[in-house]
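Down below is the structure, laid out as structure tokens.
The values are calculated or read from the model by the stated rules, or taken from the named source; none is laboratory data. Computed from a predicted model, the values in this text were never measured in an experiment. With ideal geometry, Cβ positions are generated from the backbone for all residues, glycine too; neighbour counts draw on all protein chains shown. All accessible areas refer to the heavy atoms of the entire protein, side chains included, with ligands and DNA or RNA removed. Shrake-Rupley method; radii C 1.70, N 1.55, O 1.52, S 1.80 Å.
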Amino acid sequence: MTIKIASAPCCWGVDDVNNPHLPPWQRVLDEASQAGYQGIELGPYGYIPLDVELVGNALHRHQLYIVAGTIFDDLVAAKNLDNLLQQTRDICRLITRLPRPPQVDGQRFAAPYLVVMDWGHPERDFQAGHSERAPRLSQQDWQRMVAHIRQIAAVAHSEFGVRTVIHPHAGGYIEFADEILQILADIPYTEAGLCLDTGHLYYAGMDPAKWLRQHASRLDYIHFKDIDLAVYQQVMQQRIAFFDACAKGVMCPIGKGVIDYPAIRQLLDDIGYRGYITIEQERDPRHADSSLRDVTASLHYLQQAGFN
């Protein structure tokens, strides 16, 4: 087996830890296990507790392991750096003390990873998917963000041996083609890898297969989503925040949307990708009652498409 499929708490609507409607983290682990997954991401900082014994026992009961932790926060503001580095240490300390995920022959870096995503800017959130009208960072702000990511990656690697991967995300300041290319130019692969997300690429107007192929040499980890084309076309005509679009159902189970996953399976064979892929399907957590059905359907679809 050259690819292992994992899940993530965002499939249950877990993106904002302050949302009062989030399902209990124990339910997410239970349903991920029921659906047939062995790997799952930690989710946003503060959702799953930082208690090694508590979380380790829960993972053991459900026969799960953690494939990645996540920093999903403002990477730009100077005043947020201390918070970002605290998150880095807390997350890496936890994931490196839990049982390690199995590794795949040919995998470049060992899981678990630290996935880093910029978030928290309303001026970009409401322009998600609209490159032509989304504001860009000033050169000074961009360089500060780059410096922050490099410091996160240095701490994760030097103190914990964890590989950092940069995840372009709809509604953040690393979303569109020019921003992805610039971040790859500014942060060497020796310091951090790339986690491309098929759904975020499509949402931002890019061809996922093209970007996976072109940046294969920087690709350490992948996220899979699918896009409901009718809902996507609708929300692109609205002034709407990204997660409000997700609440409308713009993300759908794998195989139900517009992205050609059999072609992507062939592409990953062509580029020799080995390692982990995590399925995501953002939603309103008030719709989490359909999460088990959807994450099961996505996994079964990918297995039938040759991802096993």
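Does any residue of the stretch 81-96 turn out to be surrounded by fewer than 22 Cβ atoms within 10 Å (Cβ to Cβ) and part of a loop (DSSP other than H, G, I, E, B)?
Scanning the stretch 81-96 turns up at least one residue that is surrounded by fewer than 22 Cβ atoms within 10 Å (Cβ to Cβ) and part of a loop (DSSP other than H, G, I, E, B).
Taking the stretch 50-80, which residues are part of a loop (DSSP other than H, G, I, E, B), in contact with a strand residue (DSSP E or B) (Cβ under 6 Å, 6 or more places away or on another chain) and either at positive phi or without any contact (Cβ under 8 Å) to a residue 60 or more places away in the chain (or both)?
Leu64
Given the conditions (1) under 24 Å from Met236 (Cβ atoms); (2) in a loop (DSSP other than H, G, I, E, B), and given that Ile180 satisfies all but one, which numbered condition is not satisfied?
(2)
Check off (1) out of contact with any helix residue (DSSP H, G or I) (no Cβ under 6 Å at 6 or more places or on another chain); (2) at pLDDT below 95 for Ala305 and give me the number that stays unchecked.
(1) is the only condition that Ala305 fails.
Just checking, how many residues over the stretch 210-247 are closer than 20 Å to Ser131 by Cα, open to solvent by 70 Å² or more (accessible area, probe 1.4 Å), in contact (Cβ under 8 Å) with a residue 12 or more places away in the chain and in a helix (DSSP H, G or I)?
1
What residue, among those in the stretch 97-106 that are at pLDDT 95 or above and open to solvent by less than 30 Å² (accessible area, probe 1.4 Å), is farthest from Tyr221 (Cα to Cα)?
Ranking the qualifying residues of the stretch 97-106, first place goes to Leu98.
Do you know which residues across the stretch 258-304 are open to solvent by less than 30 Å² (accessible area, probe 1.4 Å) and outside any helix (DSSP H, G or I)?
Matches in the stretch 258-304: Ile259, Tyr273, Gly275, Tyr276, Ile277, Thr278, Ile279, Glu280, Gln281, Glu282, Arg283, Asp284.
Look at the stretch 252-283 and say how many of its residues are acidic (Asp, Glu) and more than 17 Å from the chain's Cα centre (by Cα).
So the count comes out to 3.
Six or more apart or on different chains, Cβ atoms under 6 Å: show the pairs whose first residue is in the stretch 179-197 and among the aromatic types (Phe, Trp, Tyr) and whose second is surrounded by 14 or more Cβ atoms within 10 Å (Cβ to Cβ) and not in a loop (DSSP other than H, G, I, E, B).
Listed pairs, sorted by first residue: Tyr189/Arg218.
Taking the condition of being charged (D, E, K, R) and within 16 Å of the chain's Cα centre (by Cα), how many residues in the stretch 141-171 meet it?
1
Kindly establish whether Tyr202 is open to solvent by 10 Å² or more (accessible area, probe 1.4 Å) and assigned to a helix (DSSP H, G or I).
Yes; evaluated as a whole, the condition is true for this residue.
Step by step: first the residues of the stretch 141-188, then only those that are of a type in the set (S, T, N, Q) and under 24 Å from Gly199 (Cα atoms), then the one that is surrounded by the most Cβ atoms within 10 Å (Cβ to Cβ). Which residue is that?
In this case the residue turns out to be Thr164.
What about Asn57, is it over 19 Å from the mean Cα position of the chain (by Cα) and exposed (fewer than 14 other Cβ atoms within 10 Å of the Cβ)?
Answer is yes for this residue.
Out of all the residues in the stretch 5-49, which are under 16 Å from the mean Cα position of the chain (by Cα), not small (Gly, Ala, Ser) and not in a loop (DSSP other than H, G, I, E, B)?
Ile5, Pro9, Cys10, Cys11, Trp12, Ile40, Glu41 - these are the residues of the stretch 5-49 that are under 16 Å from the mean Cα position of the chain (by Cα), not small (Gly, Ala, Ser) and not in a loop (DSSP other than H, G, I, E, B).
Filter the stretch 107-123 for residues that are part of a loop (DSSP other than H, G, I, E, B) and either hydroxyl-bearing (Ser, Thr, Tyr) or open to solvent by 60 Å² or more (accessible area, probe 1.4 Å) (or both) and give the result.
Within the stretch 107-123, Arg108, Phe109 qualify.
If I go through the stretch 1-22 residue by residue, how many of them are surrounded by fewer than 19 Cβ atoms within 10 Å (Cβ to Cβ) and in contact with a helix residue (DSSP H, G or I) (Cβ under 7 Å, 6 or more places away or on another chain)?
Going through the stretch 1-22 one residue at a time, the tally reaches 2.
Could you please find all residues in the stretch 126-179 being in contact with a Ser or Thr (Cβ under 8 Å, 6 or more places away or on another chain) and of a type in the set (Gly, Ala, Ser)?
Within the stretch 126-179, Ala153, Ala156, Gly161, Ala177 qualify.
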